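Some notes on the structure that comes next.
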Amino acid sequence: MGEVFGLSRRLSTFVGVLAFGTAAALDGCSTGQSSTETGATVAPASGGEVTAAESISSAPAQPQMEYAIAIHGGAGGPSRDISPEERAKYGQALASALRTGRDMLAKGGSALDVVETVVRALEDEALFNAGKGAVFTHAGTHELDASIMDGRDLSTGAVGAVRTVKNPITLARAVMEHTRHVLLVGDGAEQFAKERKVDRVNNSYFSTKHRRQQWEEKKALERQRDPSSAAALNDRRFLMGTVGAVALDKNGHLAAATSTGGLTDKRWGRIGDAPIVGAGTYADNKTCAVSGTGIGEEFIRHGVARSIAAEIEHGAGSLDSAAKKLVHQRLKPDQGGVIAVSVRGEIALEYNTDGMLRAAADSAGRFEVFLWESPEQLQD
Ligand code: ASP
């Protein structure tokens, strides 16, 4: 794993140039409500255009792409007035993780290894609300959730409310591969981590100045109004950074992984959708792999990830239409988004928040990173 990261970094010639002229101008003009890309056609949610994904429903069931990958760094996203330097940091972090995953897939790596590797990299990057950089709980600590799923046989593993596990996604994979259970939480998960000898850290390792400030802001906001109000809970500043990856490998296998610190100021051992298989994560070789981000309670209520797969399985639509249906019809505005990849290599990046940090690459040469509507201008 470390070698893969090292290799990727050594090979990286990424310059990280962002052009803020055209992209920023286009961003400002957009509705900010939808961004689904199928790899061939980009169609606004409101447009009547038939996308590639919709038009291939009767085509032979063979992958269009040899491999494909999508990743996210959370719905909500940073405020649009961040500095060019800050914007570049997000773009570069996403591009670096995407490149790592894409290169592994191009070399024949398995979707499962790819999603774990990419999510580990995003967990280690302090910009995102997962691993280092996780949000603060009400008690001023960090409790992390993660899950991983293998589309070959629906194997899955998840952990909830872990406090000392440096890379929760790796512990989730250990649950999948070394237990007969699916979800371990709290002290039990910690005990399992100790037994598996995964990397452990003090809880303060996850703290960053930025997250502490966010937490202080959230508490100040709640002092001014009803703390249980949905508006306070859903304020997008407190809903950003969960990470996820979905991949299709050269053998036609799918996998999904999601990892998060949850919601800022969460209480009482709250667990979100990230470790709930079918809510925040799902993968089935028959249909697609999905990773979600947003208000976990809503993703659990609507079983978002599994519902997207079910739509396709029951012939109710393409990946594109299924993702749109769940994100724009089942969820309400400002509740979140999903990334998904189908067994044919189509990619959906759909959200109903102001933005969603996301990126996608495939065997046809696509390599795109988005914070808002327009792709960031990156040099690969
Ligand atoms: N879905 C995550 C949770 O509710 C939060 C997020 O995606 O930002 O725990």
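Rule-based calculations on the coordinates, nothing more; no lab input. Just so we're clear, the structure is a prediction, and the values are computed from it rather than from any experiment. Counting neighbours? That spans all protein chains shown, and the Cβs are built from the backbone with ideal geometry, glycine included.
Remarks
- Those residues of segment 328-358 which are among the hydrophobic types (A, V, I, L, M, F, W, C) and either in contact (Cβ under 8 Å) with a residue 40 or more places away in the chain or at positive phi (or both), in sequence order: VAL338, ILE339, ALA340, VAL341, VAL343, ILE347, ALA348, LEU349, MET356, LEU357
- Contact map, segment 92-120: residues that are within 24 Å of ALA158 (Cα to Cα) paired with residues that are among the aromatic types (Phe, Trp, Tyr), Cβ distance under 6 Å, separation 6+ or inter-chain. Pairs shown: LEU105/TYR67.
- Test for ALA193: is it in a loop (DSSP other than H, G, I, E, B), small (Gly, Ala, Ser) and either loosely packed, with under 14 Cβ neighbours inside 10 Å or out of contact with any Gly (no Cβ under 8 Å at 6 or more places or on another chain) (or both): no
- ALA340 vs. criteria surrounded by 24 or more Cβ atoms within 10 Å (Cβ to Cβ), among the small types (Gly, Ala, Ser), closer than 20 Å to GLY252 by Cα and in contact with a strand residue (DSSP E or B) (Cβ under 7 Å, 6 or more places away or on another chain): yes
- Of ARG180, ARG102, all but one fail to be among the charged types (D, E, K, R) and under 22 Å from GLY292 (Cβ atoms); the exception is ARG102.
- Answer residue from segment 72-91, given it is without any contact (Cβ under 8 Å) to a residue 24 or more places away in the chain and not aliphatic (A, V, I, L, M) and is nearest to the ligand (Cβ to nearest atom) among those: GLU86
- Within segment 299-318, being farther than 22 Å from ILE71 by Cβ and more than 15 Å from the ligand (Cβ to nearest atom) holds for ALA310, GLU311, GLU313, HIS314, GLY315, ALA316, GLY317.
- Note on segment 248-298: residues that are more than 13 Å from the chain's Cα centre (by Cα), within 14 Å of the ligand (Cβ to nearest atom), in contact (Cβ under 8 Å) with a residue 40 or more places away in the chain and not in a loop (DSSP other than H, G, I, E, B) amount to 1.
- Test for SER321: is it outside any loop (DSSP other than H, G, I, E, B), touching a residue at least 60 places away in the same chain (Cβ under 8 Å) and within 12 Å of the ligand (Cβ to nearest atom): no
- Summed over segment 69-113, the residues that are among the charged types (D, E, K, R) and farther than 18 Å from ALA126 by Cα give a count of 7.
- Residues that are surrounded by fewer than 24 Cβ atoms within 10 Å (Cβ to Cβ), farther than 16 Å from SER204 by Cα and of a type in the set (Lys, Arg) within segment 100-153 comprise LYS107, ARG152, listed in sequence order.
- Listed by first and then second residue, the pairs linking a residue in segment 164-181 that is among the small types (Gly, Ala, Ser) to a residue that is assigned to a helix (DSSP H, G or I) and surrounded by fewer than 20 Cβ atoms within 10 Å (Cβ to Cβ), with Cβ atoms under 7 Å apart and 6 or more places separating them unless they lie on different chains, are ALA174/ARG196.
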